[in-house]
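Worksheet for the structure shown next.
The values are calculated or read from the model by the stated rules, or taken from the named source; none is laboratory data. Since the structure is predicted, the reported quantities are computational estimates derived from the model, not experimental observations. Cβ: placed from backbone, ideal geometry, glycine included. Neighbour counts: every protein chain shown. SASA here: full protein model, heavy atoms, side chains in, ligands and nucleic acids out. Shrake-Rupley method; radii C 1.70, N 1.55, O 1.52, S 1.80 Å.
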Amino acid sequence: MYEEIRVRGTVQGVGFRPTVYRIAVANGLRGEVYNDGEGVVIRAFGYEESLEKFVRQLQQECPTLAKINEITRTQHISEGEFNFDDFIISKSINNVVNTEITPDTATCVQCQSEIFDPQSRWFRYPFTNCTHCGPRLSIIRSIPYDRNNTSMASFVMCPECRESYNDITNRRFHAQPTACHVCGPKAWLERADGKPFTASMFSMLDEVDAVCTLLQKGEIVAIKGLGGINLACDATSETAVKKLRERKQRYHKPFALMARDITVIERYCTPNAKERELLLSHQAPIVLIEKGEGDFVSPLVAPSSSTIGFMLPYTPLHHLILKRMNRPIVFTSGNISDEPQCIDNEEAREKLGHIADYFLLHNRDIINRVDDSVVRVVGDKTRIIRRARGYAPASINLPSGFATSPQVLAMGGELKSTFCLLRHGKAIISQHLGDLENVATFNSYQEMLDLYLNLFEHKPEAIATDLHPEYLSTKLGKQLAASNQLIEVQHHHAHVAACMAENNIDINTAPILGIAFDGLGYGEDGTLWGGEFLLADYREYTRVATFKPVPMIGGALSIHQPWRNTYAHLVTKWQELESKYGSLELFQFLQTKPISLLNQLISKQINSPLTSSVGRLFDAVAAAIGICRDTCSYEGQAAIEMEALIDDKESLSYDFNIEKSNNISYIDSSYMWIQLLDDLQQNIPNQVIVAKFHQGLINIVIQVVKHLQQEYKFNQIALTGGVFQNAILLEQLQDKLAKFDTKVITHSLVPCNDGGISLGQAVIAAARL
């Protein structure tokens, strides 16, 4: 019997064809296997029971990095033009693209062993890889994923590499980036000041090894890696970390760390089983772990944060650098603050020359910028905070009903931007691209969008955008939609829909209750929302509860100057409050501000839009107790520092009230502020105040849900939006809501922050179409 078997999914560049070959030969089949634009095609001839066993084994023995989404089998009675004496691997065929690209993957155990084995051809070779690991998205220009479509095209394989590439029994069989010292990319070290340098000056093994010595001496080294260039220094040296912060102009935002192995990490914190699993996974993300009580890195690494972000080496280059390093290093993106990470050698010399003392560069071009992913374990569940290297662009299978949806392009938001391609029941979300308000980031966003559209030959029938008219992604989406249907999606509806999609909620499900708390999103009434209770399905939503809006004085300025939010919450009763609490440091601080001007902005509605944002409420409370009062240097700083302060033994809480108007329940924080100011007057510690605020917020959400259950029918609740990156809020609220007769769904595949809204936009557009 002759069968044509088509396999769709992540099946190119992951050792899938060699696995097919091995199993086919073992089952006595004749035929061929090859890549094409849709995945892998297998043409096989053999006995019926042999073919059945072959397909069964293929699913059971699928390579580690492969993911089979679908297998379709077409039987043929006659062999026809089928002329094969044995089973072979044939050349790839270029046709309509409907396959997937594997994310870049951390160095496998076998490759790690080879780079430290003096008898191996790959001893100390920084670009060692095989079908189980190495670069993928970062080097690809087009698919099929073959060497000539990557930045390895210019490196001609030496005879020995060619032999292993063609050896079906070798794990480098058809490993597209395979190379060695003889024929592959080279790394070199250079000084930022242009003076000559050789590894022999430090009596090192080679220039990669010399980087370790430089880091130990307190130098800052820019290291070109897999998806970008990173800046590194000794994380235990306060002098080195301070120097890096000053030069990079990143004064407060926590730095990520890289350590040689788990043993080094465990000297500084205690990862649990799930965190260890993530650190050692082939995605190798940055894992946020609670700070320990053992050895200490410089306090400047993650000031005022309760967690520290650790990752393990994920390329041979990193492993070689850290072999002699018994302490962690700072490993942060190589960029000027808020700009995209550098990926080009010349660009790095130009932009990072005043930051780094040395450069470790190489000549394998990075085609696509890919940042390090960031994850956190909350409630024994992985929460992705930044989805990039190791995860993107792996597709997400969509729930029932989306398989026949038309192709959609969703543009995402403004901050933590991503875009999403939806087709054939799958969502392909770009890697994290950054904040589009930065010109260089927006240019990078457009370049990456063009690449994905070409890479996947995506021809959208509809463009989905955010409602906010000033988002650059929205403006670009409207331009692209000139010949397509434009579908505008409310920001928080997109948050809820993204959570529904990744939790496999059917396209025709009854409305669920979505609780979406974040910094802000444009509301359909023209105000800025951010504390929303939405009764929503994929097509529409009803706003059933929210926080009572307050003015966002100065617009975007209030994001960077939290005291503005504090004043906005106090202004309606300012004279009364000032007479009672005027001696507080908070009021003395606010009295130094141009209160008369602020009041005019509010009364005349000049650049002071109303907002229901819970993110801004966090900022207001933080500023009230002296956290980031004057300025924030990065988004979410105040909330992160508040979370780190919480006294988890405190059981008391502040009180919020509920008012109702026009069928919407409004949460009023006025009385909460009176209680908070009373505590300040009584010199109650900040740790207690923060705990009472968190507990009060949790309690009022529970009250609102109870109230809504009496009015509306829903059996599922989604927790979404950037505020739910707060582990205490998420875990405690989830636990308390679980006692209701409802299912609570949260995020794990995409970020709960704006990095996930492109998925929500895409599924809403598809459902409406």
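Descriptive notes on the structure:
- Region 121-216: projected area of the alpha-carbon convex hull, averaged over directions, in nm²: 7.9 nm²
- √(5λ) per eigenvalue of the Cα gyration tensor, region 502-579, largest first, Å: 33, 13, 10
- Its convex hull of Cα atoms gives region 168-275 a direction-averaged projected area, equal to a quarter of the hull surface, of 11.0 nm².
- Residue by residue, region 723-731 carries 3J(HN,Hα) couplings of 4, 7, 6, 6, 5, 5, 4, 5, 5 Hz when phi is fed to the Karplus relation 6.51 cos²θ - 1.76 cosθ + 1.60 (θ = phi - 60°); x denotes Gly or Pro.
- Magnitude of the charge dipole, region 103-173, Cβ model with Lys/Arg +1 and Asp/Glu -1, debye to 20: 160 debye
- Along each principal axis, Cα extent of region 632-769, largest first, Å: 58, 38, 28
- Measuring how big region 661-713 is from its alpha-carbon positions, Rg and Dmax come out at 14.3, 45 Å.
- Fraction of alpha-carbon pairs over 20 Å apart in region 469-622 - percent: 58 percent
- Trypsin sites (Lys or Arg not before Pro) lying in DSSP loop within region 180-262, provided at most 11 other Cβ fall within 10 Å: none
- Taken over the alpha carbons of region 361-427 as equal point scatterers, the Debye sum produces base-10 log I(q)/I(0) values at 0.15, 0.19, 0.26 Å⁻¹ of -0.69, -0.97, -1.17.
- Partner aspartates and glutamates whose Cα lies under 20 Å from the Cα of Lys217, excluding those fewer than 8 positions away in the same chain, are identified as Glu190, Asp193, Asp206, Glu207, Asp209, Asp234, Glu238, Glu246, Asp295, Asp357.
- With a cut-off of 11 Å between beta carbons, the residues surrounding Gly722 carry a summed charge of -2, where Lys and Arg count +1 and Asp and Glu -1.
- Estimated vicinal HN-Hα couplings, Hz - region 477-486 in sequence order (Karplus 6.51, -1.76, 1.60; Gly, Pro = x): x, 5, 5, 5, 7, 4, 10, 10, 7, 9
- Taking only the C-alpha atoms of region 83-137, the Rg (one decimal) and the largest Cα-Cα distance, Dmax (whole number), read 16.4, 46 Å.
- Relative intensity of region 453-505 on a log10 scale, I(q)/I(0) at q = 0.19, 0.26, 0.27, 0.30 Å⁻¹, equals -0.77, -1.01, -1.02, -1.05, per a Debye sum over C-alpha point scatterers of equal strength in the absence of solvent.
- Too-long pairs where the Cα-Cα distance tops 31 Å, listed order kept, from Lys91/Lys478; Lys416/Lys706; Lys67/Lys351; Lys291/Lys736; Lys381/Lys649: Lys91/Lys478; Lys416/Lys706; Lys67/Lys351
- Structural descriptor for the chain: relative contact order 12 percent, calculated from alpha carbon pairs under 8 angstrom and at least 6 residues apart.
- Compactness index (Cα Rg / 2.2 N^0.38 Å), region 289-352: 1.37
- Annotation for region 689-759 versus region 335-398: alpha-carbon center distance of 30 Å.
- Inter-part distance, region 1-26 to region 264-285, computed on C-alpha centroids, equals 34 Å.
- Its Kirkwood hydrodynamic radius, worked out from the mean inverse distance over all distinct Cα pairs, puts region 32-162 at 17.6 Å.
- Among the chymotrypsin sites (Phe, Trp or Tyr not before Pro) found in region 1-94, those both in a DSSP coil and sparsely packed, with 16 or fewer other Cβ atoms within 10 Å of their Cβ, are Tyr47, Phe82, Phe84.
- Qualifying aspartates and glutamates (Cα of each under 12 Å from Cα of Lys573; at least 8 residues distant if same chain): none
- Cα gyration tensor of region 448-559 - equivalent ellipsoid semi-axes, whole Å, descending: 26, 21, 12
- Normalised per residue, the volume of the convex hull around the Cα set of region 605-712 (Å³): 135 Å³
- Region 278-404 - Rg (one decimal) and Dmax (whole number), Cα, Å: 17.4, 55
- Rg over Rh for the chain works out to 0.99, both radii taken from alpha-carbon positions and Rh defined as the Kirkwood radius.
- In region 1-47, the alpha-carbon atoms span a convex hull of 60 Å³ per residue.
- Pairwise Cα distances in region 681-759 exceed 21 Å in 39 percent of cases.
- Theoretical ellipticity at 222 nm over the chain - DSSP helices of four or more residues, -39500 (n - 2.57) apiece, nearest 500: -9000 deg cm²/dmol
- Whole-Hz ³J(HN,Hα) from phi, Karplus 6.51 cos²θ - 1.76 cosθ + 1.60, for region 558-575, glycine and proline x: 5, 5, 9, 10, x, 4, 4, 5, 4, 4, 4, 7, 9, 4, 5, 10, 4, 4
- Overall, the ratio between the Cα radius of gyration of region 550-623 and 2.2 N^0.38 Å, rounded to two decimals, is 1.02.
- Sequence-distant residues sharing a close amide H with Ala179 (under 5 Å, placed H): Asn129
- Solvent exposure of region 596-681, expressed per residue, is 45 Å² of accessible area, with all protein chains present and a 1.4 angstrom probe.
- Qualifying trypsin sites (Lys or Arg not before Pro) in region 21-124, DSSP loop, other Cβ atoms within 10 Å at most 11: Lys91
- Positive-end residue of Leu677, Leu360, Val301, charge dipole of the chain with Cβ unit charges: Leu360
- Hull shadow area, averaged, region 582-647 [alpha-carbon convex hull, nm²]: 5.6 nm²
- Largest first and in whole Å, the equivalent-ellipsoid semi-axes of region 128-180 read 17, 12, 9, each the square root of five times a Cα gyration tensor eigenvalue.
- The three principal axes of the C-alpha atoms in region 245-337 carry coordinate ranges of 33, 30, 24 Å, sorted with the longest axis first.
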